[in-house]
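Here's the structure we're looking at; comments come further down.
The values are calculated or read from the model by the stated rules, or taken from the named source; none is laboratory data. Remember, it's a predicted structure, so these values are computed and weren't measured experimentally. So basically every Cβ, Gly included, is an ideal-geometry build from the backbone, and we count neighbours across all protein chains shown. These accessible areas exclude ligands, DNA and RNA; they are computed on the full protein's heavy atoms, side chains included. Shrake-Rupley method; radii C 1.70, N 1.55, O 1.52, S 1.80 Å.
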Amino acid sequence: MVREVTRGRCFVGRLRYGSDLLTELTGICWSEKVTLGRLEFIGAVTKARLGYYDQPEKKYRFFMIDKPLEILKGTGNVSLRDGEPMVHAHLTLADADGRAWGGHLAPGTIVFACEFFLQALEGATLARGHDEETGLPLWTMDET
Ligand code: ZN
């Protein structure tokens, strides 16, 4: 299940202080009409809400880290869900003692500062649909 893609337009920028990290990243994909791409970002958040997927239960468990944290690494992709751009991102964060936290980026993570790089990709359309085995909204790709 592989598709060859080519690099499309490239964007760099920073996110607004106090904004919701996932909402802002998704909004940029909307405004720039990016429906397939990869994302990288670093910076800091004033608090974080992350998810962990419970595989036996097939559902996300979300948790809050209610303190300022560094974004050591934010990484993700952009594809379509229900015909609209969807950002799927994971974060590694660090607290004042350098301890790391991590997980699936969820709404409720608030930007202190964030610099991002967005690479649009062309040549394929990837849409998410329910995957029976995992319970996740994975890319639906024909077996070729
Ligand atoms: Zn995830």
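Ratio to report: Rg/Rh of segment 1-105, with Cα atoms as the point set and Rh obtained by the Kirkwood method; give two decimals. Here the Rg-to-Rh quotient is 0.99. Here the accessible area of segment 1-116 is 52 percent carbon and sulfur, with a 1.4 angstrom probe and all protein chains present. Solvent-accessible surface of segment 18-58, averaged per residue with a 1.4 angstrom probe and all protein chains in place: 49 square angstrom. Taking each DSSP H run with n ≥ 4 as -39500 (n - 2.57) and averaging over every residue of the chain yields -2500 deg cm²/dmol at 222 nm.
Counting 0.36 nm for each residue step from D82 to A44 and taking away their Cα separation leaves a gain of 10.6 nm.
Each Cα pair under 8 Å and six or more residues apart adds its separation to the average, and for the chain the resulting relative contact order is 36 percent. Remark on K73: its backbone amide H falls under 5 Å from those of T92, a criterion applied only to residues 5 or more positions apart or on other chains, H modelled at 1.01 Å from N. Along the axis of the charge dipole computed for segment 1-142 (Cβ charges of +1 for Lys and Arg, -1 for Asp and Glu, origin at the Cα centre), the listed residues L138, G76, T46 are led at the positive end by T46. For segment 99-141, the per residue solvent-accessible surface stands at 52 Å², with DNA, RNA and ligands left out and a 1.4 Å probe. Take 64-74, 120-130 and order them by the average number of nearby Cβ atoms within 10 Å per residue, most first; the result is 64-74, 120-130. Here segment 13-55 and segment 62-78 have alpha carbon centers that stand 9 Å from each other. Axis angle, to the nearest 10 degrees, between helix 21-31 and the longest C-alpha principal axis of the chain: 40 degrees. Charge dipole of the chain (Cα centre as origin; +1 on each Lys and Arg Cβ, -1 on each Asp and Glu Cβ, all else neutral): 420 debye, rounded to the nearest 20. In terms of overall dimensions, the C-alpha atoms belonging to segment 45-134 reach 42, 34, 18 Å along their principal axes, ordered largest to smallest. As a rough guide to protection, the peptides 14-24, 86-96 ranked by mean Cβ packing within 10 Å, highest first, stand as 86-96, 14-24.
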